[in-house]
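Asks: Take a look at the following structure, please.
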Amino acid sequence: MIQRSTRFGHLLRSFRDAPSSSSSKIGGYLLASTASSPLKQACVSTNRDDEFANLDWDNLGFGMVPTDYMYIMKCSKGESFEHGQLSNFGNIELSPASGVLNYGQGAYEGTKAYKKEDGRLLLFRPDQNAIRLKNSAERMCMPSPSIDQFVDALKQTVLANKRWVPPPGKGSLYIRPLIMGSGEILGLGAAPEYTFLIYVSPVGNYFKEGLAPLNLYVEEEFDRASRGGTGGVKSITNYAPGLKALTRAKNRGFSDVLYLDSTNKKNLEEVSSCNIFVVKGNAISTPATNGTILAGITRKSIIDIARDHGYQVEEGTITVDELIHADEVFCTGTAVGVAPVGSITYQGTRMEFKTGAQTVSQQLYFTLEAIKKGLIEDKKGWIVEIDQ
């Protein structure tokens, strides 16, 4: 249920009307903007002195935990995003005729923040999320923030919610940036106004199995994406159509669904919310991002890490029949990280794969996580530290 929020509208109008050199206090944080860099805002906590929120950090799942603040920025059709602000986390006001509610005009991203033992806060390749969101927004006929605006907004949001970043080794702060057509539009068309919003939640493992191997079911009745569609971007319209297949698979005891291409029903595409990799000896294969498959940032990072470890990585076509010859299979994604696959069931046949210690997926997982958490040297410039 969407509730009216007059305070939200008042805050937004106040921020828009403020001079470029002004500062204002929103939700207990001092926000100072400058004409040269409207998003370079100083966030100083005035009412949150506790280091960590009161949460059971040892039992985090992947669910929504309301935090303290969210970030909001608006612009009209044909204009660019300029000024944003932090606001108390809560419901927002939308017209029943908004483009996102009626026509699904929206796109989102997902990334994470981590806390080091010394208290430093780290982001992983946020510029790549900014680029991908721009591509998604263009496909959905929406404006998008610049890379600098996007990264700066992420930093502000994480810093404002730093007490919700789990202690080292206990999880991460999941960050959800999204763009939506918030303006009213009755006939089919692009909305007249857009909202860029970021909210966060502390999370643990995405799958209920934790780090245990996944059991996938090959879906043949439903398609995830088709040529010329939106499978290659993070449109909000991509996900609800997969719920029926996912629910059916989970009711049968599987972890998730593995989709095939919509044309031939023979080639591997994606799992519901992550990319897939197949290992045979020293060779690692993954479906090519040809417009129907999302170019995952974790996918891209794992390809680079695997090549650094001496593996031969190929991006191309993988038929479902080739799975029977695989040594290992694993999935990658922001939410799932690197998740080993224990079995895949296709047309009644269950194929099992190597998991556990000394596997390729485990080696790549530990390397990726060590980079994300600042435990080993970042030689690729992937880590962005948030100044506190």
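The values are calculated or read from the model by the stated rules, or taken from the named source; none is laboratory data. Note that the structure is a prediction, hence the values are computed from the model and not measured. Counting neighbours? That spans all protein chains shown, and the Cβs are built from the backbone with ideal geometry, glycine included.
Asks: Do any residues in region 86-107 that are over 27 Å from GLY229 (Cβ atoms) and at pLDDT 95 or above have Cβ atoms under 7 Å from those of residues that are buried (at least 19 other Cβ atoms within 10 Å of the Cβ) and of a type in the set (Asp, Glu), where the two are at least six apart or on different chains, and which pairs are they?
Replies: PHE89/ASP68
Asks: Then there's this: Mind listing whichever residues of region 346-374 are in a loop (DSSP other than H, G, I, E, B), over 13 Å from PHE124 (Cβ atoms) and either in contact with a helix residue (DSSP H, G or I) (Cβ under 8 Å, 6 or more places away or on another chain) or not aromatic (Phe, Trp, Tyr) (or both)?
Replies: GLN347, GLY348, LYS354, THR355, GLY356, ALA357, GLN358, THR359
Asks: Here's another thing I want to ask about it. Mind telling me which of the residues GLY296, GLY356, GLY316, GLY291 ends up being under 24 Å from GLN128 (Cα atoms), modelled with pLDDT under 95 and of a type outside the set (Lys, Arg)?
Replies: Only one candidate passes the filter, namely GLY291.
Asks: Name every residue in region 128-151 that is touching a residue at least 40 places away in the same chain (Cβ under 8 Å), under 15 Å from THR195 (Cα atoms) and within 14 Å of the chain's Cα centre (by Cα), in order of residue number.
Replies: LEU133, SER136
Asks: Let me ask you something else. Of the residues THR334, THR319, only one is under 19 Å from the mean Cα position of the chain (by Cα), closer than 27 Å to GLY228 by Cα and not charged (D, E, K, R); which?
Replies: THR334
Asks: Kindly list, by first and then second residue, each pair from a residue in region 336-355 that is under 26 Å from VAL203 (Cα atoms) and surrounded by 19 or more Cβ atoms within 10 Å (Cβ to Cβ) to a residue that is hydroxyl-bearing (Ser, Thr, Tyr) and modelled with pLDDT under 95, limited to pairs with Cβ atoms under 6 Å and residues at least 6 apart or on different chains.
Replies: VAL336/TYR206
Asks: On to the next question. Please determine whether any residue of region 217-233 is under 30 Å from LEU86 (Cα atoms) and not assigned by TED's automatic domain parsing to the domain that holds LEU60.
Replies: yes
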